[in-house]
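Undergrad: Structure incoming, see below.
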Amino acid sequence: MIRLSRHRTGTGPRWAAEGRWLNGLDLTDLLSLRRDQIAARVSEALGDVVSGEPLLAPVNGDHEIWASGVTYLRSRDARRHESSVADVYERVYDADRPELFFKSPGFRVRGPGEAIRVRRDASWTVPEPELVLVINAHGEIVGYSAGNDVSSRDIEGENPLYLPQAKLYDGSCALGPWVALCAPDKLQKLAIELSIERGGAEIFRGQTSVAQMKRSLEELTGYLFRELSFPHGVFLMTGTGIVPPDHFGLKTGDQVTVRVGTQTLVSPVG
Ligand code: DO4
Ligand code: MG
């Protein structure tokens, strides 16, 4: 596994691998390569050691973040319950074609320690802890990150056609802390955890595993690439298997921790 991180510097964002600067190379360059060429290209570009420059979201501004939904039974059940048109969730869970939606352009993504938000016109907002696939321009899964698909359940529940408003607003997408380059078979059983703190005390904790997902990672990737090309590579959130109980909604001041495999993404709610 190779950890790629993106940092704030005096001359703009810069990428590093395993704590050393990458000279003249960033994630977009690496995602134009085939999977089996990436590690060698990273080694060639390694430079000086990073000296404490703060982490940014591990994504370039022109990357796209897509998401899939209703890939875990828990998500299907929660949405069937919240919605007046419950049938659509049941049908998409069982259908061959998965639900895929556009979540965010890279420039809107919040990184480690950056605030996520509750929409001002929403009354019921939840975090969604998700494995995020990092996919190269050739449609090969080359690594992963941890992600939070923050969602307004009341807006989606009122009418599924409001999904883009429930899913895409300032502070609704967080990723990080890094892109871990690894073989896709290392992702099949990763543990996923969600912890929510309010006033310094944990008020919700849940866990699942990628092994609980109804669909395969290759199946989701295959559908995303069917009729769309991604010359810069693309990020794909793979759906949530953890949904807090119905009485729970995020509030300003909460702190959300998402763990996926070895990555821990902490986000205050601003
Ligand atoms: O159908 C709505 C979105 C589902 C979703 O985001 C999820 O299951 O994670
Ligand atoms: Mg989701």
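The values are calculated or read from the model by the stated rules, or taken from the named source; none is laboratory data. Predicted model only: the values in this text are computed from it and were never measured. With ideal geometry, Cβ positions are generated from the backbone for all residues, glycine too; neighbour counts draw on all protein chains shown. These area figures cover heavy atoms from the full protein model, side chains too; ligands, DNA and RNA do not enter into them. Shrake-Rupley method; radii C 1.70, N 1.55, O 1.52, S 1.80 Å.
Undergrad: Kindly evaluate Arg117 against the criterion of being at negative phi, surrounded by fewer than 22 Cβ atoms within 10 Å (Cβ to Cβ) and within 14 Å of ligand 1 (Cβ to nearest atom). I'd like the intermediate steps shown before the answer.
TA: Working: at negative phi: yes; surrounded by fewer than 22 Cβ atoms within 10 Å (Cβ to Cβ): yes; within 14 Å of ligand 1 (Cβ to nearest atom): no.
Considered against the rule, which asks whether it is at negative phi, surrounded by fewer than 22 Cβ atoms within 10 Å (Cβ to Cβ) and within 14 Å of ligand 1 (Cβ to nearest atom), Arg117 comes out as no.
Undergrad: Follow-up question, since we're still on this one. List every residue pair whose Cβ atoms sit under 9 Å apart, with the two residues 6 or more apart in sequence or on different chains, where the first one lies in the stretch 143-172 and is more than 12 Å from ligand 1 (Cβ to nearest atom) and the second, anywhere, is in a helix (DSSP H, G or I) and modelled with pLDDT under 95.
TA: So the pair list comes out as Asp154/Glu82.
Undergrad: Mind checking which helices (runs of 4 or more DSSP H) fall wholly inside the stretch 151-243 and carry at least 3 residues that are more than 16 Å from ligand 2 (Cβ to nearest atom)? Walk me through how you get there before you give the answer.
TA: On the way: elements: 153-158, 163-167, 217-224.
Those helices (runs of 4 or more DSSP H) span 217-224.
Undergrad: Hey, another quick one. Return a yes/no flag: does the stretch 143-152 have any residue that is surrounded by fewer than 24 Cβ atoms within 10 Å (Cβ to Cβ) and over 18 Å from Val70 (Cβ atoms).
TA: Within the stretch 143-152 (the criterion being surrounded by fewer than 24 Cβ atoms within 10 Å (Cβ to Cβ) and over 18 Å from Val70 (Cβ atoms)), the answer is no, since none of the residues qualifies.
Undergrad: Scan the stretch 120-134 for residues that are out of contact with any Gly (no Cβ under 6 Å at 6 or more places or on another chain) and either open to solvent by less than 10 Å² (accessible area, probe 1.4 Å) or within 15 Å of ligand 2 (Cβ to nearest atom) (or both) and jot them down. Lay out the reasoning, then the answer.
TA: Filtering the stretch 120-134 down to residues out of contact with any Gly (no Cβ under 6 Å at 6 or more places or on another chain) leaves 120-123, 126-129, 131, 133.
Result: Val126, Pro127, Glu128, Pro129, Leu131, Leu133.
Undergrad: Considering the stretch 67-90 alone, what residues qualify as being among the β-branched types (Val, Ile, Thr) and within 14 Å of ligand 2 (Cβ to nearest atom)? Lay out the reasoning, then the answer.
TA: We begin by selecting, within the stretch 67-90, every residue among the β-branched types (Val, Ile, Thr); these are 70-71, 85, 88.
Of everything in the stretch 67-90, those that are among the β-branched types (Val, Ile, Thr) and within 14 Å of ligand 2 (Cβ to nearest atom) turn out to be Val70, Thr71.
Undergrad: Return the total of residues in the stretch 1-41 being in contact with a helix residue (DSSP H, G or I) (Cβ under 7 Å, 6 or more places away or on another chain) and outside any loop (DSSP other than H, G, I, E, B). Can you show your working first?
TA: So the first thing to find is which residues in the stretch 1-41 are in contact with a helix residue (DSSP H, G or I) (Cβ under 7 Å, 6 or more places away or on another chain), and the list is 2, 4, 15, 17, 22-25, 30, 33, 38, 41.
If we keep only those that are outside any loop (DSSP other than H, G, I, E, B) as well, we get 2, 4, 15, 17, 22, 30, 38, 41.
Residues in the stretch 1-41 being in contact with a helix residue (DSSP H, G or I) (Cβ under 7 Å, 6 or more places away or on another chain) and outside any loop (DSSP other than H, G, I, E, B): 8 in total.
Undergrad: How many residues does the stretch 87-110 hold that are more than 20 Å from Lys214 (Cα to Cα), touching a helix residue (DSSP H, G or I) at 6+ places or on another chain (Cβ under 9 Å) and not aromatic (Phe, Trp, Tyr)? Walk me through it before giving the result.
TA: So the first thing to find is which residues in the stretch 87-110 are more than 20 Å from Lys214 (Cα to Cα), and the list is 102-110.
Filter again for touching a helix residue (DSSP H, G or I) at 6+ places or on another chain (Cβ under 9 Å), leaving 102-104.
Narrowing further to those that are not aromatic (Phe, Trp, Tyr): 103-104.
Of the residues in the stretch 87-110, 2 are more than 20 Å from Lys214 (Cα to Cα), touching a helix residue (DSSP H, G or I) at 6+ places or on another chain (Cβ under 9 Å) and not aromatic (Phe, Trp, Tyr).
Undergrad: Scanning the stretch 153-201 for residues that are open to solvent by 60 Å² or more (accessible area, probe 1.4 Å) and among the basic types (Lys, Arg), which turns out nearest to His7 (Cα to Cα)?
TA: Ranking the candidates gives Lys186 first.
Undergrad: Could you please give the count of residues in the stretch 42-65 that are surrounded by fewer than 17 Cβ atoms within 10 Å (Cβ to Cβ), touching a strand residue (DSSP E or B) at 6+ places or on another chain (Cβ under 9 Å) and outside any loop (DSSP other than H, G, I, E, B)?
TA: Counting residues in the stretch 42-65 that are surrounded by fewer than 17 Cβ atoms within 10 Å (Cβ to Cβ), touching a strand residue (DSSP E or B) at 6+ places or on another chain (Cβ under 9 Å) and outside any loop (DSSP other than H, G, I, E, B) gives 5.
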